[in-house]
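To keep things clear, I will list the structure first and then write my remarks on it.
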Amino acid sequence: MDFLYFCAENIIAMEKKLIGRNAEYKALTNYFTSKGSEFIAVYGRRRVGKTFLIRKAANDQFAFFLTGAHEVPKNEQLINFAIAIQKHFKTERLEIPKNWILAFYELSKHLEALPKGNKIIFIDELPWLSTAKSGFVAALENFWNSWASLRDDIKLVVCGSATSWMIDNLIHSRGGLHNSITHQIVLEPFTLNECEAYFRAYGFSYSRRQIAECYMVMGGIPYYMSLMDKSKSVAQNVDMLFFASNASLKDEFSELYHALFKKANTHIQVVTALATKGKGLTRQEIVKAANVTDNGALSTVLEELEKCGFIRTYEPFGNLQKATDKRQKSDTLFQLIDFYTLFYFDFIVQNKYHDEQFWTTSFNSPIHNAWSGIAFERLCLAHLPQIKKTLGISGVQTLACSWRSSSTKKNSQIDLLIDRKDETINICEMKYSKGKYEIDQAYEDTLNDRLTTFVQETGTKKTLLLTFVTTEGVKQNAHSEGVQCEVVLDELFE
């Protein structure tokens, strides 16, 4: 990246407002001003705003700041380190260390020469620095355990988008960094409430329905939202970001997965298979659909995708009560939940003629309607705390799960059950519509048959509450009398 452009980008970034993140911001500022040395790990999905949060909390006042480079060998990473040393400590010569042990030793010498006071060291994209056989992690361990942790003025904050790497090598490290992390912060995508705050802060006049549709495309990722133009509609912005000839996010899919996973091909095969089945697939179904081998490598891929927030695993109703049941593992469902990835497969891949207004012209088409239904379900699942609050059960211990009929004839499925400690189950139907959702005779019959089959197959004695989560509520008619609880879109913004 051109240096002048980099500086200009930094200035613009620091002028932006910090939206939400209040708890994380307060925690970081407390760690930065504490009386002891701290080792803080911040991780979360790529583009979620980790670097921005850290820079805001530190007010861009770093004793040392280093960013790892993607797919760059050890020698070039060390050159990058030497340049950062020269920049921060104003050294006359560019001394390139031979290895990471010497690099961190050089850093410690320069830090010791600084005046008294807390010294914030920020290493961004830490996983990218740990190239094969580089010795980086061992050198970091040595730096922290033999020097930084013995002082009371070092605030080492590390950050990375490769969530699985951060968890395995830092949070749950079994090596020299075991129990070395003093604090960890997981940065999640924005909620609907935070998205609304962002749009209001930057002069967008979108309605809540439009904000929800934006969320269904981008999933509350701040970076994606930062590229939007307030003078354009949501549809125009989507076309501009994903479908225009010079679209900023045209190549985001490949960059996203290859930046997070060193060998991303299998990860891509798995999410490609999951994209074909909105309700999710079992492990064996993934093996067949993705044409991958059922082995330990697949277990690692699934675990990494889950840790990075692209998929979720969830148990069919009753599985957790059957801890010794051999079916438990085979029945576990893997579901693609990353909004952007779902949008990519449903629309970007389908734009075979490179229509620059593909999103606008797809409105109200069958493919758009099918996508919006599934995407709204994902939006609801991402806002379970808000659903529980509306239902008045925030303080009740619950388990969110699903259920699929074992009968090949019935083909019944319930996508969300909230199994409650108070002997009650909310049977949730999540429906996206432009007005009040209308239940007709056929759907009422389907609901009654589904509930009957559920009781028969599970043998549950708990109270069942038919719950609808919709955009504007359920239209009252002769077929809606069985609906006992409702949650509407406005309540998901709480």
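The values are calculated or read from the model by the stated rules, or taken from the named source; none is laboratory data. Bear in mind that the values here come from a model prediction, so they are computed numbers and not experimental data. Heads up, the Cβs are rebuilt from the backbone with ideal geometry, glycines too, and the neighbour counts pull from every protein chain shown. Ligands, DNA and RNA are stripped out before the accessible areas are found, and what is left, the full protein with its side chains, is counted by its heavy atoms. Shrake-Rupley method; radii C 1.70, N 1.55, O 1.52, S 1.80 Å.
Tabulated results
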read-out: Among residues of region 143-175, those that are of a type in the set (D, E, K, R), open to solvent by less than 40 Å² (accessible area, probe 1.4 Å) and more than 27 Å from K116 (Cα to Cα), counted; value: 0
read-out: Flag for P97 being over 35 Å from the mean Cα position of the chain (by Cα) and open to solvent by less than 70 Å² (accessible area, probe 1.4 Å); value: yes
read-out: Residue, surrounded by the fewest Cβ atoms within 10 Å (Cβ to Cβ), within region 366-394, restricted to residues that are farther than 12 Å from D346 by Cα and touching an Asp or Glu at 6+ places or on another chain (Cβ under 7 Å); value: K389
read-out: Among (1) in a helix (DSSP H, G or I); (2) over 28 Å from the mean Cα position of the chain (by Cα) - the single one S34 does not satisfy; value: (1)
read-out: Members of region 62-78 that are in a loop (DSSP other than H, G, I, E, B) and either more than 33 Å from the chain's Cα centre (by Cα) or not aromatic (F, W, Y) (or both); value: A63, G68, A69, H70, E71, V72, P73
read-out: Failed condition for S205, given (1) more than 25 Å from E255 (Cβ to Cβ); (2) touching a Lys or Arg at 6+ places or on another chain (Cβ under 8 Å); (3) modelled with pLDDT under 95; (4) of a type in the set (S, T, Y); value: (3)
read-out: Of all residues making up region 463-484, the number that are within 27 Å of S406 (Cα to Cα) and surrounded by 14 or more Cβ atoms within 10 Å (Cβ to Cβ); value: 7
read-out: Verdict on S207 being hydroxyl-bearing (S, T, Y) and open to solvent by 40 Å² or more (accessible area, probe 1.4 Å); value: yes
read-out: Residue in region 286-302 that is open to solvent by less than 20 Å² (accessible area, probe 1.4 Å) and not hydrophobic (A, V, I, L, M, F, W, C) present; value: no
read-out: Those residues of region 176-198 which are in contact with a helix residue (DSSP H, G or I) (Cβ under 9 Å, 6 or more places away or on another chain), open to solvent by 20 Å² or more (accessible area, probe 1.4 Å) and more than 22 Å from Q386 (Cα to Cα), in sequence order; value: G176, I181, T182, H183, Q184
read-out: I19, sole failed condition from (1) within 30 Å of Y224 (Cα to Cα); (2) at pLDDT 95 or above; (3) open to solvent by less than 60 Å² (accessible area, probe 1.4 Å); (4) not in a helix (DSSP H, G or I); value: (2)
read-out: Where A212 falls short, out of the listed (1) outside any loop (DSSP other than H, G, I, E, B); (2) among the small types (G, A, S); (3) open to solvent by 20 Å² or more (accessible area, probe 1.4 Å); value: (3)
read-out: Yes/no for L417 being within 30 Å of A197 (Cβ to Cβ) and open to solvent by less than 10 Å² (accessible area, probe 1.4 Å); value: no
read-out: Residue satisfying all of: in region 350-365; within 19 Å of F339 (Cα to Cα) and of a type outside the set (S, T, N, Q); surrounded by the most Cβ atoms within 10 Å (Cβ to Cβ) among these; value: W359
read-out: Per-region count, region 224-252, residues open to solvent by 50 Å² or more (accessible area, probe 1.4 Å), touching a helix residue (DSSP H, G or I) at 6+ places or on another chain (Cβ under 9 Å) and outside any loop (DSSP other than H, G, I, E, B); value: 1
read-out: Conditions (1) polar (S, T, N, Q); (2) outside any loop (DSSP other than H, G, I, E, B); (3) over 28 Å from A212 (Cα atoms); number of the one not met by T467; value: (3)
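The rows are residues; the columns are (1) modelled with pLDDT of 95 or more; (2) within 16 Å of L381 (Cβ to Cβ); (3) not hydroxyl-bearing (S, T, Y).
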| position | (1), (2), (3) |
| --- | --- |
| S405 | no, no, no |
| I425 | yes, no, yes |
| S433 | no, no, no |
| F454 | no, no, yes |
| N477 | yes, no, yes |
| S480 | yes, no, no |
